[in-house]
Amino acid sequence: MVKLENVFDLIAQQDTLETVGPVVDTKNVRVEVIRSIKPNNPQSGWYDQNEDEFVMVIKGSAELEFQNGAENQTVQMRGGDYMTIPAHLKHRVTKVSDNTYWLAVFYK
């Protein structure tokens, strides 16, 4: 039987700075929905992931910083924006609007 679920319901009741709700977790693919609730504060340390990541802002906005050789690159994202982050490209979230929802797909 097919089960209908809603990503906003999955993590809406959590009150932590960042809540991660696993949607799919298999050997080759992991899908997460993430809710960030603290605006305009550094949200994370540097990520250096072993997998490629497709990330989309579903609702809200965010600023990401990437280590790009000698200079860092900053990218602004708003609802509907998405990108693919290659494995081992160091990055971090530097700002989010209140109640920013993300969809992240990690794959090898």
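Is one or more of the residues making up the stretch 84-105 touching a Pro at 6+ places or on another chain (Cβ under 8 Å), touching a residue at least 40 places away in the same chain (Cβ under 8 Å) and not in a strand (DSSP E or B)?
Looking for residues that are touching a Pro at 6+ places or on another chain (Cβ under 8 Å), touching a residue at least 40 places away in the same chain (Cβ under 8 Å) and not in a strand (DSSP E or B), one finds at least one in the stretch 84-105, hence yes.
Say whether the condition of being modelled with pLDDT under 80, of a type outside the set (D, E, K, R) and surrounded by 14 or more Cβ atoms within 10 Å (Cβ to Cβ) is met by at least one residue in the stretch 64-75.
The answer is no; no qualifying residue exists.
Looking at Asn50, Asn72 in this structure, which one is in a strand (DSSP E or B) and either more than 13 Å from the chain's Cα centre (by Cα) or of a type in the set (A, V, I, L, M, F, W, C) (or both)?
Asn72
Please tell me if Asp98 is of a type in the set (Asp, Glu) and at pLDDT 85 or above.
Considered against the rule, which asks whether it is of a type in the set (Asp, Glu) and at pLDDT 85 or above, Asp98 comes out as no.
Regarding the stretch 31-54, can at least one residue be identified that is farther than 13 Å from Val105 by Cα, of a type in the set (Asp, Glu), out of contact with any Asp or Glu (no Cβ under 8 Å at 6 or more places or on another chain) and modelled with pLDDT under 75?
No, the stretch 31-54 contains no residue that is farther than 13 Å from Val105 by Cα, of a type in the set (Asp, Glu), out of contact with any Asp or Glu (no Cβ under 8 Å at 6 or more places or on another chain) and modelled with pLDDT under 75.
What residue, among those in the stretch 12-30 that are outside any strand (DSSP E or B) and either polar (S, T, N, Q) or modelled with pLDDT of 85 or more (or both), is surrounded by the fewest Cβ atoms within 10 Å (Cβ to Cβ)?
Lys27
The values are calculated or read from the model by the stated rules, or taken from the named source; none is laboratory data. Bear in mind that the values here come from a model prediction, so they are computed numbers and not experimental data. As a convention, Cβ positions derive from the backbone with ideal geometry for all residues, glycine included, and neighbour counts pool all protein chains shown.
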